[in-house]
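What follows is one structure encoded as structure tokens, with my remarks underneath.
The values are calculated or read from the model by the stated rules, or taken from the named source; none is laboratory data. Just so you know, these numbers come straight off a predicted model, no measurement behind them. Backbone-built Cβ (ideal geometry, glycine too); neighbour counts: all protein chains shown.
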Amino acid sequence: MRRTVPLSLCILTFLLARSARSQNALTDSFTVEQAVQRVLERHPGIRQASEMVQAFVARVEQNRSPYYPKTDAEIGYTRLGPVAKLDVPVLGSFKLFPENNYDGHLSVEQTIFDFGKTRSQIELGETSVQSALDNVELLKNNLAIQTIQTFYSIMYLQQSIQVQDEQVNALNQHLLITQKRVQSGSATDFDVLTTEVRVSAAQTHRIDVENELRKQEVIFRQLLDLPPSSPVHLGGDFSLPPIPLKPDSLLALAMQRRVEVLLSRDGEKAVEMQLRVASLRDMPSLKANIAYGLKNGYIPNLDVLRGNWVAAVSLQVPIFDGYRTRSQEQESEANLRAARAHTLDTERAVTSEVLQAISDVRASLDKIQTSELQVRQAKQAIDVATVRYEGGVVTNLDVIDAQTALAQAELFHLQALYHYALSRYALDKSIGTILRQ
């Protein structure tokens, strides 16, 4: 009988390949931190949101304008005719006004006191600026978590393909051994066919995983502003530092840092300021105005330009505006009640999200421990199946099942690590620390 390659050597090669997975040594690889940083620096959505902040800042400066004097310069020319004349006996004829009238003056108007109307408008604008800043932070958080999820999805799929390749290689080696055993008469064609079916199934699964990998890489390139044809090289692993899973402290942190909660509170403050602005519409305004200029038409020489000035103080007191102010106050009060209800709802939703994230982290840690045990047990099962197969106690199918079980255990462990990484970052996002590590 012809000597064949021992099956134990094939299994040993299979296991060594798993433990010696190569690390990416390319200098252009991205860590998860570098990927997030690049997205935050290049994403057009962040630039758009930042420009909106500048627009609201400019609006605040517009609201400050009543604090400064309003200055106008005006130059005019008027031609009048016919010119009225006054005939005085002996003295002759006198024009009552000149034909050519020139007038140039500079006026300054200043609001002296408006009972807090301007201050309220400025504070209302400042709440809009803060809301815009919070929206920028919210967008950054969402882009960061999307980048992180895509990053780890690619890493998981790349390593899954490696597991699939190792399984296919091991099955092909086993197929070669089985074919030689058929030639020697110690195996049947059924054993060969069974192995070929397993190889085809593993290759089909690899195609699906590879397709999903390509789609995730497209999303990754779009987020990082990379060329469509550029390769995606990732650095790092699924390991993350542990975090104390104490619900009370994590919930308190979430209420302090979570952008959605801050935005909701900003909304409350904005509505409160709108109510204050509406309540001040009935308050009077005190203004002063002074103007100086040059003008002709003064007796006795109507054609000579002469200096002139005017100074005035005005008090504007609203009396009746058709119930507009009262209606605006009622509208603002209703909006304030709605804003407070929205804040309460947001806080409850954040609380639920934090508790779910804590549960996901705990479950992922338990799965990691379980999967590690499954991998050890699957390796032991391969050792036993190999010895029994070489002794003729078990069939070819039993060995293939053991190899498949090991591959599935490895994939399950990889999946557990992947889900742990995602759940940890989801917890960071839920407590508002995704970008504050």
- Message: Just the residues that are touching a Ser or Thr at 6+ places or on another chain (Cβ under 9 Å) and of a type in the set (S, T, N, Q), please, taken from segment 317-358.
- Response: Thr325, Gln328, Ser332, Thr343, Thr346, Gln356
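Restricting attention to segment 69-117, and to residues there that are outside any strand (DSSP E or B) and β-branched (Val, Ile, Thr), which single residue is farthest from the chain's Cα centre (by Cα)?
Residues of segment 69-117 outside any strand (DSSP E or B): 69, 80-84, 89-91, 96-99, 114-117.
Those still in the list that are β-branched (Val, Ile, Thr) too: 83, 90.
Working: Val83: 73, Val90: 91 Å.
Per the stated criteria, the residue is Val90.
So which residues in segment 356-414 are in a helix (DSSP H, G or I) and among the hydroxyl-bearing types (Ser, Thr, Tyr)?
If the condition is that a residue be in a helix (DSSP H, G or I) and among the hydroxyl-bearing types (Ser, Thr, Tyr), then Ser359, Ser364, Thr370, Ser371, Thr386, Tyr389, Thr404 are the ones that fit.
Considering only segment 149-167, how many residues are within 30 Å of the chain's Cα centre (by Cα) and not polar (S, T, N, Q)? Show your work before the answer.
The first filter runs over segment 149-167 and keeps only residues within 30 Å of the chain's Cα centre (by Cα), leaving 149-160.
From what is left, the residues that are not polar (S, T, N, Q) are 151-152, 154-157.
Total meeting the criteria: 6.
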- Message: If I go through segment 92-118 residue by residue, how many of them are modelled with pLDDT under 90 and charged (D, E, K, R)?
- Response: 4
- Message: Regarding segment 153-174, can at least one residue be identified that is more than 25 Å from Ala416 (Cβ to Cβ) and free of Cβ contacts under 8 Å to residues at least 40 places away in the same chain?
- Response: yes
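Test Thr188 against the stated conditions and say whether it is polar (S, T, N, Q) and touching a residue at least 24 places away in the same chain (Cβ under 8 Å). Quick ask: steps written out before the conclusion?
Values: polar (S, T, N, Q): yes; touching a residue at least 24 places away in the same chain (Cβ under 8 Å): no.
No; evaluated as a whole, the condition is false for this residue.
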- Note on the structure: Reported set for segment 75-115 where residues are within 16 Å of Gly297 (Cβ to Cβ) and of a type in the set (Asp, Glu) is Glu99, Asp103
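Would you pick out the residues in segment 390-437 that are closer than 18 Å to Ile177 by Cα and surrounded by 20 or more Cβ atoms within 10 Å (Cβ to Cβ)?
Asn396, Val399, Ile400, Ala402, Gln403 - these are the residues of segment 390-437 that are closer than 18 Å to Ile177 by Cα and surrounded by 20 or more Cβ atoms within 10 Å (Cβ to Cβ).
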- Do any residues in segment 407-436 that are closer than 17 Å to Val163 by Cβ have Cβ atoms under 7 Å from those of residues that are among the acidic types (Asp, Glu), where the two are at least six apart or on different chains, and which pairs are they? His413/Glu372
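What number of residues within segment 191-236 satisfy the criterion of being free of Cβ contacts under 8 Å to residues at least 12 places away in the same chain and surrounded by fewer than 16 Cβ atoms within 10 Å (Cβ to Cβ)?
17
Could you tell me whether segment 425-435 includes any residue that is out of contact with any strand residue (DSSP E or B) (no Cβ under 8 Å at 6 or more places or on another chain), over 20 Å from Thr147 (Cα atoms), modelled with pLDDT under 95 and aromatic (Phe, Trp, Tyr)? Full working, then the answer.
Start the filter on segment 425-435 by keeping residues that are out of contact with any strand residue (DSSP E or B) (no Cβ under 8 Å at 6 or more places or on another chain), which leaves 425-435.
Next, from what is left, pick out any that are over 20 Å from Thr147 (Cα atoms): none.
Looking for residues that are out of contact with any strand residue (DSSP E or B) (no Cβ under 8 Å at 6 or more places or on another chain), over 20 Å from Thr147 (Cα atoms), modelled with pLDDT under 95 and aromatic (Phe, Trp, Tyr), one finds none in segment 425-435, hence no.
For the structure I just gave you, tell me whether Pro241 is assigned by TED's automatic domain parsing to the domain that holds Thr343, farther than 26 Å from Val350 by Cα, surrounded by fewer than 17 Cβ atoms within 10 Å (Cβ to Cβ) and free of Cβ contacts under 8 Å to residues at least 40 places away in the same chain. Can you show your working first?
On the way: assigned by TED's automatic domain parsing to the domain that holds Thr343: yes; farther than 26 Å from Val350 by Cα: no; surrounded by fewer than 17 Cβ atoms within 10 Å (Cβ to Cβ): yes; free of Cβ contacts under 8 Å to residues at least 40 places away in the same chain: yes.
In short, no.
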- Message: Quick check on segment 151-179: of everything there that is small (Gly, Ala, Ser) and more than 23 Å from Leu397 (Cα to Cα), which residue is modelled with the lowest pLDDT?
- Response: Ser160
